[in-house]
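Quick note: the coordinates plus some simple rules give every number you see, no bench work behind them. Quick caveat, the model's predicted, so the values are computed rather than measured. Heads up, the Cβs are rebuilt from the backbone with ideal geometry, glycines too, and the neighbour counts pull from every protein chain shown.
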Amino acid sequence: MLRGMLFDFDGTLADSFEAIAESVNFVRSENHLPKLRFEEIKAHVGHGLEHIGDAKKAYHAHHKVHMKSHTRLYPHAHEFLSKLHLSGISMGVCSNKPVGFTTELIEHLGISTFFKVILGPEDVANPKPAPDMLIEAAKRLQINHNEVVYVGDMDVDIKASGAAGMDVWIMRHDDTSFQILEKIAIENIYGSFLEIEERKSWLFAGQNGK
């Protein structure tokens, strides 16, 4: 029986790639480095900020100012979360994004009331793909790992959920550049939140499966 659902943030709940790309290239320009193509930056999202070297403080300062104007929820995300909330599903967010940014954006996007826990790399010993964040979130929700599904969009999410002993659903949001290298059953890949809702209708009516 499914009692909890954990979400990645960037690329899963929200399209924040434009905001991230803008901050990365601002910092690179300030450090006399060539700008990166949008696709290059997008491929790094979820893996940390190694592509900006030692300029993390500058990145954080720029991103804090500009992130809200270039981050938006994916279609049907709010409705999906609302229905899960009303169905009694406990929810949390586990993202490699700095937790302060994630929390601020979740409040800005009007979905903070749906989540009982929001974790970032500062909250655990090891970020994703290690399972630490997911295990800690389930612990705080007081739910067993086999009663939780993790919803993400990248290979690191598949690795983290597998190591945590959780099922995983992967969002591609109809992205034509979508690519996953880790093995995952095709039935666990979804094009949109509406598709999950249509294929997993039991989530909202006395759930008995995964």
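Points worth noting:
- Here the gap between residue 122 and residue 107, fully extended at 0.36 nm per residue and compared with their Cα-Cα distance, gives a gain of 3.5 nm.
- Built amide H within the under 5 Å cut-off of residue 74, gap 5+: 14, 15
- Computed from phi, the 3J(HN,Hα) profile of segment 76-88 under the Karplus parametrisation 6.51, -1.76, 1.60 (θ = phi - 60°) reads 6, 5, 4, 5, 5, 5, 4, 5, 4, 4, 5, 7, x Hz, with x in place of Gly and Pro.
- The angle between the Cα long axis of helix 99-108 and the longest principal axis of the Cα atoms of the chain comes to about 70 degrees, rounded to the nearest 10.
- Estimated FRET transfer efficiency (residue 30, residue 195; beta-carbon r; R0 35 Å; 0.05): 0.30
- Length gained when the stretch residue 183-residue 139 is fully extended (0.36 nm per residue, less Cα-Cα span): 13.2 nm
- Counted by neighbouring Cβ atoms within 10 Å, the residues 87, 95 run from fewest to most as 87, 95.
- Taking amide hydrogens as placed 1.01 Å from N in the peptide plane, the amide H of residue 189 sits under 5 Å from those of 170, each at least 5 positions away in sequence or on another chain.
- Angle in degrees between helix 155-164 and the longest Cα principal axis of the chain, rounded to the nearest 10: 50
- By the beta-carbon count within 10 Å of each Cβ, the least crowded to most crowded order of 1, 154, 67, fewest first, is 1, 67, 154.
- Listed residue pairs exceeding 20 Å between alpha carbons, taken from 57/97; 68/116; 97/159: 68/116
- Normalised per residue, the volume of the convex hull around the Cα set of the chain (Å³): 110
- Most positive-pole-ward Cα, 137, 150, 6, against dipole of the chain from beta carbon charges: 137
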